[in-house]
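Each reported figure results from applying straightforward, stated rules to the coordinates on display, with no laboratory input. Computed from a predicted structure; not experimentally measured. When we count neighbours, we look across all protein chains shown, and the Cβ atoms used for this are built from the backbone with ideal geometry, even at glycine.
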Amino acid sequence: MLAGGCTAEGPSPAASSGFGPTVAFESVDGPPPQVFDRLVKVLQTEGATHNISVVSREAQASYRVRSYYAAQIRRGTDNASIAWVWDVYDPNQNRALRLSGTEAAGKAGGDAWSAANDQVLRRISDAGLAGLTNLITGNLPAQAEPPPTSTEPPPEENPAVAALQKAVPATETGTTTALAFSSR
């Protein structure tokens, strides 16, 4: 159901039906298979509480979501957090909304994903689905801005989960372009 890109294939639970708008998760990038499987179940359950039917990506849906997750451990501690971004697309394949956040996940030891328990996944899913519900009902906050139409990076007050640095020719510095993850 929620498989795509370089992600693990998860089970295809029966789609919720009979209520509200539909949403299909085209991709879920980041979590390892065991977290992915639990996330699928949590999204299904939380969708029902928000009167949104989560359907297979092959189904026709009111909205499509491409989601990205990153787990990190704060330097000098065992405290993990899960950063997430949902790009929500309308039926015409135009990005309608970007939702994002960072959820504290608690002590993790050496693997940040080990702290992504069902409660953490539920909080992430609830926040994302609440934002999607606000889009559907037209109740977006007044300060919400439309999605950017340029390729410029987002303003500094909206930290990115990942940012691609501008390419520098290898002959100038001997370095290459790198993908950097924010620790905020």
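General observations
- Looking across region 60-87 at every residue that is closer than 17 Å to residue 47 by Cα and in contact with a Pro (Cβ under 9 Å, 6 or more places away or on another chain), the one that is surrounded by the fewest Cβ atoms within 10 Å (Cβ to Cβ) is identified as 60.
- Residues (closer than 21 Å to residue 132 by Cα and among the small types (Gly, Ala, Ser)) located in region 68-120: 70, 83, 96, 100, 101
- Matching residues, region 101-126, being small (Gly, Ala, Ser) and surrounded by fewer than 19 Cβ atoms within 10 Å (Cβ to Cβ): 101, 104, 106, 109, 110, 114
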